[in-house]
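The values are calculated or read from the model by the stated rules, or taken from the named source; none is laboratory data. Here the structure is a predicted model, which is why all the values come from computation and not from measurement. FYI the Cβ positions are ideal-geometry reconstructions off the backbone, even for glycines, and counts take in every protein chain you see. Accessible surface areas use protein heavy atoms only, side chains included; no ligands, DNA or RNA. Shrake-Rupley method; radii C 1.70, N 1.55, O 1.52, S 1.80 Å.
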Amino acid sequence: MDNIRKHIIFYGRVQGVGFRYYSVNKARQLGLTGWVKNLCDGSVEMEVQGEEPKIDELILFLEKRQYVHIEDFDARSMPLETEYDFYEK
């Protein structure tokens, strides 16, 4: 299966609830690469790269966290990058 890269902005209760922590740990477990960071407007920005079903699994995992409430997210495809980890910016 081919790798893809997505740029995603998550809206809702996504800061102060472990969103970035869960993102990093689950993405690494799934073998995904990229990064995640908080934005000053209360949303969270992510670039994630890997197989599409694994990216979908990461998003579903985040939606099911107890204190996280994703109201909406915007995702767009991006060119692949060479990287070896998923980290918090």
Exercise. Averaged over every viewing direction, what's the projected area of the C-alpha convex hull for the chain? Give it in nm², one decimal, please.
Key: 5.2 nm²
Quiz prompt | Approximate spin-label separation Gln66-Gln15, in nm, with each point projected 7 Å along Cα-to-Cβ | solution = 2.4 nm
Quiz item: Helix 52-63 versus the longest principal axis of the chain: what is the Cα-based angle in degrees, 0 to 90, to the nearest 10?
Solution: 10 degrees
Quiz item: Restricting the count to DSSP beta bridges whose residues both fall in the chain, what percent are antiparallel, rounded to a multiple of 5?
Solution: 90 percent
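Set the Förster distance to 25 Å, then compute FRET efficiency between Glu81 and Asp41 from the Cβ-Cβ distance, nearest 0.05. Spell out each step's value before the answer.
On the way: r = 25 Å, r/R0 = 1.00.
According to the calculation, E is roughly 0.50.
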Quiz item: For region 1-67, what % of the accessible area comes from carbon and sulfur atoms, probe 1.4 Å?
Solution: 45 percent
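When the helices in the chain are scored as -39500 (n - 2.57) per DSSP H run of 4 or longer and the sum is shared across all residues, what 222 nm value do you end up with, to the nearest 500 deg cm²/dmol? Let's see the in-between values first.
On the way: 2 runs with 24 residues, N = 89.
After summing the helix terms and dividing by residue count, I get -8500 deg cm²/dmol.
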